[in-house]
Amino acid sequence: MNQHLIGRIKELSPPQAVMNFGKDSQQVLKSHNELLQLHAKTLACHCECMGMMSENMLSATSNLKPLFGTDQFISVMKKWRVLDEEGVSIL
């Protein structure tokens, strides 16, 4: 697993020593919400990229030029905010 992501999960996780149920529960819910949003964006991006790749594979089996190139895949990743504007992974 990406070390940056592990660090982010630890950063968002509540402290383990003292459990103030109200405050810690809110932090847990906030952390869980952020991770679920990241998971949803990543899955949506993956699905769209796999659809594009299947179109490319169909083109390849038909001896045609691929429909989608690197720029289109990067554009999809930026659309789903899996890459930032400079093209660097957020994970």
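Data overview
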{"read-out": "Considering residues of the range 10-27 that are surrounded by 14 or more Cβ atoms within 10 Å (Cβ to Cβ) and assigned to a helix (DSSP H, G or I) only, the residue modelled with the lowest pLDDT", "value": "12"}
{"read-out": "Residue list for the range 58-78, filter: of a type in the set (A, V, I, L, M, F, W, C) and more than 26 Å from residue 91 (Cβ to Cβ)", "value": "58, 60, 64, 67"}
{"read-out": "Residues of the range 24-82 classified as on the phi > 0 side of the Ramachandran plot and under 12 Å from the mean Cα position of the chain (by Cα), total", "value": "1"}
{"read-out": "Within the range 70-91, considering residues that are hydrophobic (A, V, I, L, M, F, W, C) and farther than 10 Å from residue 45 by Cα, the one surrounded by the most Cβ atoms within 10 Å (Cβ to Cβ)", "value": "83"}
{"read-out": "Pairs where the first residue, in the range 71-87, is within 21 Å of residue 39 (Cβ to Cβ) and free of Cβ contacts under 8 Å to residues at least 60 places away in the same chain and the second is surrounded by 11 or more Cβ atoms within 10 Å (Cβ to Cβ) and acidic (Asp, Glu), C-beta under 6 Å, 6+ apart", "value": "76/48"}
{"read-out": "Answer residue from the range 28-69, given it is touching a Ser or Thr at 6+ places or on another chain (Cβ under 7 Å) and free of Cβ contacts under 8 Å to residues at least 12 places away in the same chain and is surrounded by the most Cβ atoms within 10 Å (Cβ to Cβ) among those", "value": "66"}
{"read-out": "Any hit, the range 73-88, residues being in contact with a Pro (Cβ under 8 Å, 6 or more places away or on another chain) and assigned to a helix (DSSP H, G or I)", "value": "no"}
{"read-out": "Residue 65 outside any helix (DSSP H, G or I) and at pLDDT 90 or above", "value": "yes"}
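The values are calculated or read from the model by the stated rules, or taken from the named source; none is laboratory data. Because the structure is predicted, anything quoted here is derived from the model rather than measured. Methodologically, a virtual Cβ is constructed for each residue, glycine included, from the backbone with ideal geometry; neighbour enumeration extends over all protein chains shown.
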